[in-house]
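Data block below; observations after.
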């Protein structure tokens, strides 16, 4: 993936485990964000299914093989093959339950990436707090923790930014739908059946991921630079 801002060399068993922890952490907060926002706005579809939680286990439909593959199998395979977890998960939303469907659906859509940014903030605070112990340490558990915080931060940032791209069915398209005029809304509705193919073409075949690099890089800088500036070390 071209927009990986940090290169995690040396994919081993420990790295794969950390990848899966990072994936489940951001997935739980992302999908939980959708569910909480939907419930707050009057839709209890996800709540009735026990998905109004940041527990990632609740966001895997274990009776559905495709859901298990997308949310568990695919992230595991890509963690081993690429050194970075790539997967999918979703929360059912009953748009008909909203008082203002377009607006409320946009809020629910934004709540997912917002949940990912919350994970990133938590990782940043932990990294900042532990930084004096990480710097120059040869203790293995500290090295693993440092790697986990960084990997989870990167994963949360990438998925949050990526999901804000305004291509259906990504969250950004729901936000754009609310702000767009009727012509744009009609266009988004028409291309939604082909959205996944467009995403694959743009980000995996064409260098569309380069468009996200400035955002990813900007969000990585505070994590990589501020702790050393604050603590006066590196």
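Specify the angular offset, from 0 to 90 degrees and rounded to the nearest 10, of the alpha carbon long axis of helix 140-163 from the longest principal axis of the alpha carbons in the chain.
Helix 140-163 and the main axis of the chain meet at about 30 degrees.
With 10 angstrom as the radius, rank 137, 173 by how many other C-beta atoms surround their C-beta, starting from the fewest.
Fewest-to-most Cβ neighbours within 10 Å comes out as 137, 173.
For the pair residue 133 and residue 221, what calculated FRET efficiency results from E = 1/(1 + (r/R0)^6), where r is the Cβ-Cβ distance and R0 = 30 Å, to the nearest 0.05?
Numbers: r = 22 Å, r/R0 = 0.74.
So, using R0 = 30 Å, E works out to roughly 0.85.
How would 105, 30 line up from fewest to most surrounding beta-carbon atoms within 10 angstrom? Could the numbers behind the result be given before it?
Numbers: 105 22, 30 28.
If I rank by nearby Cβ atoms, fewest first, I get 105, 30.
What FRET efficiency, computed as 1/(1 + (r/R0)^6) with R0 = 30 Å and r the Cβ-Cβ distance, is obtained for residue 88 and residue 229, rounded to the nearest 0.05?
Here the calculated transfer efficiency is 0.20.
Using only Cα atoms, locate the centre of region 99-159 and the centre of region 29-68, then give the distance between them in Å, rounded to an integer.
20 Å
Need one word for region 35-169: rounded, prolate or oblate. Basis is the Cα gyration tensor (sqrt eigenvalues a ≥ b ≥ c); a/c below 1.5 gives rounded, then a/b vs b/c decides.
The shape class here is prolate.
Based on other C-beta atoms within 10 Å, arrange 147, 174 from fewest to most. Intermediate results must be reported in sequence, preceding the final value.
Details: 147 16, 174 23.
Lowest to highest Cβ neighbour count: 147, 174.
From the Cα gyration tensor of region 64-127, with a ≥ b ≥ c the square roots of its eigenvalues, which class applies: rounded if a/c is under 1.5, or else prolate if a/b is larger than b/c, or else oblate?
oblate
Scattering from the C-alpha atoms of region 133-234 alone, worked out with Debye: what is log10 I(q)/I(0) at q = 0.22 1/Å?
Log10 I(q)/I(0), no solvent term: -1.15.
How long is the gain from residue 69 to residue 81 if the chain were fully straight, where each residue apart is worth 0.36 nm and the alpha carbon distance is subtracted?
Residue separation times 0.36 nm, minus the Cα-Cα distance, leaves 2.8 nm.
Please identify which residues in region 72-101 have an amide N closer than 17 Å to a label point set 7 Å out from the Cα of residue 182, following the Cα→Cβ vector.
Of the residues in region 72-101, none has backbone N under 17 Å from the label point off residue 182.
No value in this document is a laboratory result; all are computed from the given coordinates. These figures come from a predicted structure and were not determined experimentally. When we count neighbours, we look across all protein chains shown, and the Cβ atoms used for this are built from the backbone with ideal geometry, even at glycine.
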